[in-house]
Each structure stands twice: as C-alpha cells, then as structure tokens.
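Values quoted throughout were computed directly from the atomic coordinates according to the rules given, and no laboratory measurement underlies them. These numbers come from a predicted model, not from an experiment. Virtual Cβ from ideal backbone geometry, glycine too; neighbours counted across all protein chains shown.
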Amino acid sequence: MTMAQYPLSILLAEDSPVNQNITLHMLKKLGYGVEIANNGLEALQAQERHPFDLVLMDIQMPKMDGIEATRIIRERWPVGPAIIVVTSLELESYREKCLRAGADDIIAKPIRKDELHEAIERNIQDRNQGLGEIGAVSA
C-alpha cells in the first residue's frame, strides 16, 4: 500500500509554533492534510470530535503531556489511531515509557522528511494489518 492509495487523517499534537510549521510543511509536501492540537488535552478533544488515523505526539506540552495523552487515547480508543511520538528528548530514555503508554513508534526532532514518511508508512501498515488480524479473529 502506498500513501497515495490511502489518504490519512493526521493530528499533530505539538505546542511549538515553529515545530508545527516545519512539520506541517513536510506533511503537505508528502500530500497530507493535518489538524493541529497545541497540547495533550486538545489532542484528546480533537480525537473525540474526529477519529484520526495517525497522531504525531510531542512529549513535552503544557496542560497534558504527550505520554499521558497517548495513554488516555489507547484506553478510550484501543484500536484507534497509530501514535508516533516525536521528541527532542533523548530517545532511548523515553522509548520504553512511550511504548508502555501505547505509542506505536518514536522519532527524534529535528524531524527529517524521509524519516517521517517512513515512520508514517510503517505504522499505518502495521496498524492496518493488526486491525485486520483482530477482525479475522473475532469473525
């Protein structure tokens, strides 16, 4: 499956206007539309209004951090969006904590367009395959 064959609904949970603009620009070049949440609480509210296919989640945000928002999204929508944590923090220190909260992947800032594209493609494919397997088991 190529991304052109699968239009995605993406939520970017990021509090930095600079990082929002950079990531938006990359995603638009890749052909995606994006909704922005400025913190974890807004990300939860956005997911309630519109179920997203993918959430790009910053860790450090005001009101509610990305790890807590990820945990709540997974509790409320267990087969919900793929969640890719995006952070400038040291990856190995946070990888296990993010994965335990329910994240599917973690990538480092500054984001590179090719790495972002690969992470999106990998996680959407993995999530869709997993959902197909769940459906097959329960059918």
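Could you tell me the extents of the stretch 7-138's C-alpha atoms along the three principal axes, largest first, rounded to whole Å?
Here the spans come out as 44, 32, 30 Å, largest first.
For Asp114, what charge total do you get from the other residues with a beta carbon under 13 Å from its beta carbon, if Lys and Arg give +1 and Asp and Glu give -1?
Surrounding charge for Asp114 is +1.
Which of Leu99, Ala13, Gln125 sits farthest toward the positive end of the charge dipole of the stretch 7-138, with +1 on the Cβ of Lys and Arg and -1 on the Cβ of Asp and Glu?
Projecting each Cα onto the dipole axis, the largest value belongs to Ala13.
Collect residues whose amide H, placed 1.01 Å from N in the peptide plane, falls under 5 Å from the amide H of Ser9; neighbours closer than 5 in sequence don't count.
Asp53, Leu54
Using +1 on the beta carbon of Lys and Arg, -1 on that of Asp and Glu, and nothing else charged, what's the dipole of the stretch 7-138 about the Cα centre, debye to 20? Could you put the intermediate results ahead of the total?
Details: 15 positive and 21 negative charges, 32 e Å.
In debye, rounded to 20, the stretch 7-138 gives about 160.
I need His50, His117 ordered by Cβ neighbour count within 10 Å, fewest first. All intermediate terms of the calculation are to be shown ahead of the outcome.
Details: His50 9, His117 17.
Result, fewest neighbours first: His50, His117.
Could you line up Glu92, Glu75 from fewest to most neighbouring Cβ atoms inside 10 Å? Display every interim value, and only then the final one.
On the way: Glu92 8, Glu75 11.
By the 10 Å Cβ count, ascending, the order reads Glu92, Glu75.
Count the lysine pairs in the stretch 7-138 whose Cα atoms lie under 27 Å apart, taking only pairs 8 or more positions apart in sequence or on different chains. Spell out each step's value before the answer.
Working: Lys28/Lys109; Lys28/Lys113; Lys29/Lys109; Lys29/Lys113; Lys63/Lys97; Lys63/Lys109; Lys97/Lys109; Lys97/Lys113.
Number of lysine pairs found: 8.
So what is the relative contact order for the chain, in percent, with contacts set as C-alpha pairs under 8 Å and at least six apart?
On the way: 206 pairs, mean separation 29.1, N = 139.
Averaging sequence separation for qualifying contacts and normalising by length gives 21 percent for the chain.
What ranking of Val79, Val34 emerges when the number of other C-beta atoms within 10 Å of each C-beta is taken as an exposure proxy, fewest first? Could the numbers behind the result be given before it?
Numbers: Val79 10, Val34 18.
In increasing order of surrounding Cβ atoms, one gets Val79, Val34.
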